1. Say whether the condition of being at pLDDT below 90 and farther than 16 Å from Cys15 by Cβ is met by at least one residue in the range 128-139.
2. Please specify each residue of the range 126-139 satisfying the condition of being more than 24 Å from Leu7 (Cα to Cα), loosely packed, with under 15 Cβ neighbours inside 10 Å and in contact (Cβ under 8 Å) with a residue 40 or more places away in the chain.
3. Can you tell me which residue among Gly36, Gly123 is on the phi > 0 side of the Ramachandran plot, at pLDDT 85 or above, exposed (fewer than 14 other Cβ atoms within 10 Å of the Cβ) and of a type in the set (Gly, Ala, Ser)?
4. Out of (1) farther than 16 Å from Ala100 by Cβ; (2) modelled with pLDDT of 90 or more; (3) not polar (S, T, N, Q), what's the single condition that is false for Gly52?
5. In the range 58-117, which residues are closer than 15 Å to Thr14 by Cα, assigned to a helix (DSSP H, G or I), of a type in the set (Val, Ile, Thr) and free of Cβ contacts under 8 Å to residues at least 40 places away in the same chain?
Amino acid sequence: MARDQPLAYLVTFTCYGTWLHGDARRSADRGHNVPGTSYLASSRGRFESARGRMSQPPYALDAARRACVVKAVVEACTRRGWTPHAVHVRDSHVHAVVAAADTAEKVMNALKGYASRRLNENGFDSRDRRRWTRHGSTR
């Protein structure tokens, strides 16, 4: 039986400034975000360049913010008719396994948007605070 949609998406997005290209933990960019391709190599120069382009300090999620993000992810899924199979929020990134009849990018953007709105509504940060890196992993 052919399947057009995956059973679920593993969506991962990082907090702003916490996982920069060139970092020793390695990362992926547009050319290195395809299953089976290698990650970017560690590069002190690339890391320093990325850090120099940051307009705000790195963003970290404390326990209260993590709890808020978990609730926001579940709410986003419920409102859109998606099934959240797993949600794990760390201080520097978010993982979610979500079954949805939409694209992975739409899922990721909705999760980021709901999380940001709930963090704003709960008074954690100002609206101009950068919380998430551009895009993320939608494998």
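The values are calculated or read from the model by the stated rules, or taken from the named source; none is laboratory data. Please read all numbers here as calculations on a predicted model, not as lab measurements. Reconstructed Cβ throughout: ideal geometry from the backbone, glycine too, with neighbour counts over all protein chains shown.
1. Looking through the range 128-139, at least one residue is at pLDDT below 90 and farther than 16 Å from Cys15 by Cβ.
2. Once the filter is applied, which keeps residues that are more than 24 Å from Leu7 (Cα to Cα), loosely packed, with under 15 Cβ neighbours inside 10 Å and in contact (Cβ under 8 Å) with a residue 40 or more places away in the chain, the range 126-139 yields only Arg129.
3. Working: Gly36 fails: at pLDDT 85 or above.
Matching residue, one of Gly36, Gly123: Gly123.
4. (2)
5. Result: Val70, single match.
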